[in-house]
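What follows is a short report on a single structure.
The values are calculated or read from the model by the stated rules, or taken from the named source; none is laboratory data. Model, not experiment: these values are computed from the prediction. Using ideal geometry, Cβ is built from the backbone for each residue, glycine included, and neighbour counts are taken over all protein chains shown.
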There are 2 protein chains.
Amino acid sequence: MLPPKSNFSEWFHEIIQQAEIMDIRYPVKGLYVWFPFGFKIRRLVYDKLREIMDRDHEEVYFPTLIPETELGKESEHIKGFEDEVFWVTHGGLEKLDVKLALRPTSETAMYPMFKLWIRSHADLPLRVYQIVNVFRYETKHTRPLIRLREITSFKEAHTAHRNYEEAEENVRLAVSLYKEFYDFLAIPYLILRRPEWDKFPGADYTIAFDTVMPDGRTMQIGTVHHLADNFAKTFDIKYETPDGDHAYVHQTCYGISERCIAALISIHGDDLGLVLPFEVSPVQIVIIPILYKGKEEEVMDLSKRVYEKLKGYGFRVVLDDTDERPGAKYYKWELKGVPIRIEIGPKEAERNEAVVSFRDEKVKKSLSVEELSKEKILEWAREMKERLKKKAEEEMRAKVRIFSNLEEAKEWIGKGVAVFYFCGDEKCGEEVEEKLSAGILGKFEEIPEWISAEEKGRCVNCGREGFLCAAAKSY
Amino acid sequence: MLPPKSNFSEWFHEIIQQAEIMDIRYPVKGLYVWFPFGFKIRRLVYDKLREIMDRDHEEVYFPTLIPETELGKESEHIKGFEDEVFWVTHGGLEKLDVKLALRPTSETAMYPMFKLWIRSHADLPLRVYQIVNVFRYETKHTRPLIRLREITSFKEAHTAHRNYEEAEENVRLAVSLYKEFYDFLAIPYLILRRPEWDKFPGADYTIAFDTVMPDGRTMQIGTVHHLADNFAKTFDIKYETPDGDHAYVHQTCYGISERCIAALISIHGDDLGLVLPFEVSPVQIVIIPILYKGKEEEVMDLSKRVYEKLKGYGFRVVLDDTDERPGAKYYKWELKGVPIRIEIGPKEAERNEAVVSFRDEKVKKSLSVEELSKEKILEWAREMKERLKKKAEEEMRAKVRIFSNLEEAKEWIGKGVAVFYFCGDEKCGEEVEEKLSAGILGKFEEIPEWISAEEKGRCVNCGREGFLCAAAKSY
């Protein structure tokens, strides 16, 4: 049995294991094992991410090991990462001449090569991505999918452009691709420009996607960084302009990790287990025969017929003909988040019908087997996605509130996200964060239409002009 | 320009870069970068490997970092790997309590978890695989795709069974899957049981797939290990039998790395570049318009029409409408191994025809655009695969010779594989290897029908009874 989702931390801890997403018993802190079932979700989700990236980017693979000499080149960057890099110091019994870092992210692996790849304006834009494992020596409390020492599924994209504006256009492209990805997963988000002191080390600015978890804490589920020519200057990445001059490229990079799976589980799941959108569910349809004495054959015949039919449409279907009781089967497949359940008992066998229900609703409907067409099922999948999206967005909206003073905001934080005007000044920000015991997530890059507030207003702390900002406790 | 393939080592070094498979300029020895084009081949090849594995195995992901305490448990295993393990000793500025190895292979990461996963006979067989990066501190000469410090694309499968015989059945299954994979790539192989002293550290026995490279050296492109209950005893992996007893599982493991891509390039390539089988070619068909003054429009119209038609069939097609001369285009796409080339000039535009040629033949054929059906192209793809397979097998056979004395065998080694009878004794083996200046690859697990020899005969060195064996210099 799962704890209720209202006890989110416990619920997440348990569902990860009970639904067989990850095994948390690996004997090193912060490292986890993907179970086969969890990895199937991972494949389906990342297949979609690849499909989206492939339109404008090319997939590559750069080495995991980065020499200390390269990692240390960009001073802001190394400052941001030096406390959390794993170091390889020995090969076999020998000490290495140059220490090697396990990539925490791949700027410093890629950009020395970009210098070699880019010669002329005709080589730009350059857009590549890779899906790789990256490593962070996390000293905080670790958690599967959320805070890891080995991030197993980091999709990182890196681009180079002719100037600041073209890189900025690419930032907008990246934001639109990430929107598409999270809309596909029915996961709602806020798009925020991180404050200066919380941007990616080495970036000009950072735009983040945050979702709001069931306990009211936010979780960063994607970031897009404008790097300007900061790294280009460090790694000497220049191109020849059409006029024959040489100019530094401007770069962007953007990443999504397996936190997208953590969000998928956390946002849609309920007290019974996972609730998965049709496209990313390892099992899309489960057929459960309800066997009564004397009617077993008819029921099994029809169940198999329905199974073959749905399989023939290309869906991932399971016919659960094990010896367990129907109740135990319901429990199992609900836990696994299967979107569509079909029950077939003696009455259905007689009438050539099936009883259909959806993971997110209590409603059951009977219909004739003929009506179970491919189109019908895809329509149900779309409808279910819409319901999940609507529910998730309503839940997020209910957790986001506007405040005009910090005392009330502080009361709310812990339950959700506080929105207020803030001047953007770092000193003032420190005060705000201290008063709230929470972090400023930054100003709204896009103010959602359901937040009825002007873009600008008086800073809630100092009274100077400020922008609409969000603050919350975060994962 | 490529060096001739007869100068294989140079040719391989150059084609890797010129055909944009890997960038060898990464600033750490033995680490390379997959270019976008190379990575597309990698994706296509590994998609097939996944498809084959998915039938009987489930995909998982285990951590990269293995604590020293686990890696050291199986004494033969650690002896085999201790010289080539990279060690992580520091996290940030802190020294780790327990050193972490970068996985050289994942037995010792997986099997402590198998102990937790396996309880009863009903949990068996257990068959999982993962496609991951693994690390070896190679001190020998490193080479892209062949001898690496980071093997980026290691497919490793691990299984557990009720007893020795069922594990052995799985060895046969694994061998059949690897045959299917290499047959798909039209790469010929010898299947050899490695001598005792060359088996996988901790294994009961090792069966290897070796292909013969153009320079006559062999390359191991896959291995299948029967582990018996060796690791089960070390990691205490037991199951409850139907009778209620407890017994150790018997295990197997088997792996394929990006050497499969090295073989694909080396076996089929020629003086002009890559020659790729249709299914794994990033570009399957290239259309080259031959433009003459006054006829440009007609030629481009038909070229676009053919492009749309072939694209509509789902093929990966490029219409090369760049400004380069046709000769430069031929050169470029030949280098990239594109299997089918379609040329369209004024004559073809007038007659609604196309000139088709294949990467592996000099023949050109004209046919009407209507005849360019999906079926026709798939038929050409099959025919080309058959030609590649036939050619590759003939080349391999010509490099394998039977010998009844070691002096003649020694003369041959360097040009190819020497086959002879050998008793299997380690001491005798040392003498043989010294006399040949080459390694014994082991006895034929399956004697190919084109080697006309008995399975048994007198050992070429000591005269005792022996089995048909192969020896060669190897990559």
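Restricting the search to region B:102-126, which residues are charged (D, E, K, R) and buried (at least 19 other Cβ atoms within 10 Å of the Cβ)?
B:Arg103, B:Glu107
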Condition met for A:Glu20 (in a loop (DSSP other than H, G, I, E, B), within 11 Å of another protein chain (Cβ to nearest Cβ) and out of contact with any Cys (no Cβ under 8 Å at 6 or more places or on another chain)): yes
Residues of region A:85-106 classified as charged (D, E, K, R) and touching an Asp or Glu at 6+ places or on another chain (Cβ under 7 Å), total: 1
Strands (runs of 3 or more DSSP E) wholly inside region A:381-474 containing at least 3 residues that are of a type in the set (Phe, Trp, Tyr): A:417-422
Looking only at region A:1-39, and only at residues there that are basic (Lys, Arg) and in contact (Cβ under 8 Å) with a residue 12 or more places away in the chain, the one that is surrounded by the fewest Cβ atoms within 10 Å (Cβ to Cβ): A:Lys29
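Do we find a residue being at pLDDT below 95, more than 14 Å from every other protein chain (Cβ to nearest Cβ) and on the phi < 0 side of the Ramachandran plot anywhere in region A:150-173?
Checked against the condition, which is being at pLDDT below 95, more than 14 Å from every other protein chain (Cβ to nearest Cβ) and on the phi < 0 side of the Ramachandran plot, region A:150-173 yields no hits at all.
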Those residues of region B:357-377 which are aliphatic (A, V, I, L, M), touching a residue at least 12 places away in the same chain (Cβ under 8 Å) and either within 24 Å of B:Pro282 (Cβ to Cβ) or outside any helix (DSSP H, G or I) (or both), in sequence order: B:Leu367, B:Leu372, B:Ile377
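Looking at B:Gly414, is it under 17 Å from B:Arg458 (Cα atoms), touching a residue at least 60 places away in the same chain (Cβ under 8 Å) and outside the structural domain of B:Tyr189 (by TED's automatic domain parsing)?
The answer is no for B:Gly414.
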Matching strands (runs of 3 or more DSSP E) fully within region B:254-348 where at least 3 residues are closer than 16 Å to B:Phe358 by Cβ: B:285-289, B:340-344
Listing of strands (runs of 3 or more DSSP E) fully contained in region A:33-144 that carry 1 or more residues being at pLDDT below 95 and within 11 Å of another protein chain (Cβ to nearest Cβ): A:94-102
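Taking region A:242-288 on its own, how many of its residues are touching a residue at least 40 places away in the same chain (Cβ under 8 Å) and on the phi > 0 side of the Ramachandran plot?
Residues that pass the stated criteria total 1.
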Any hit, region B:389-397, residues being under 17 Å from B:Tyr307 (Cα atoms) and either in the same structural domain as B:Lys293 (by TED's automatic domain parsing) or not polar (S, T, N, Q) (or both): no
Pair list, Cβ under 7 Å, 6 or more apart: region A:171-199 residue in the same structural domain as A:Ile256 (by TED's automatic domain parsing) and farther than 23 Å from A:Met396 by Cα, other residue among the β-branched types (Val, Ile, Thr) and assigned to a loop (DSSP other than H, G, I, E, B): none
Scope region A:1-46; condition in contact with a strand residue (DSSP E or B) (Cβ under 7 Å, 6 or more places away or on another chain) and hydrophobic (A, V, I, L, M, F, W, C); matching residues: A:Leu2, A:Ile15, A:Ile16, A:Ala19, A:Met22, A:Val28, A:Leu31, A:Val33, A:Trp34, A:Phe35, A:Phe39
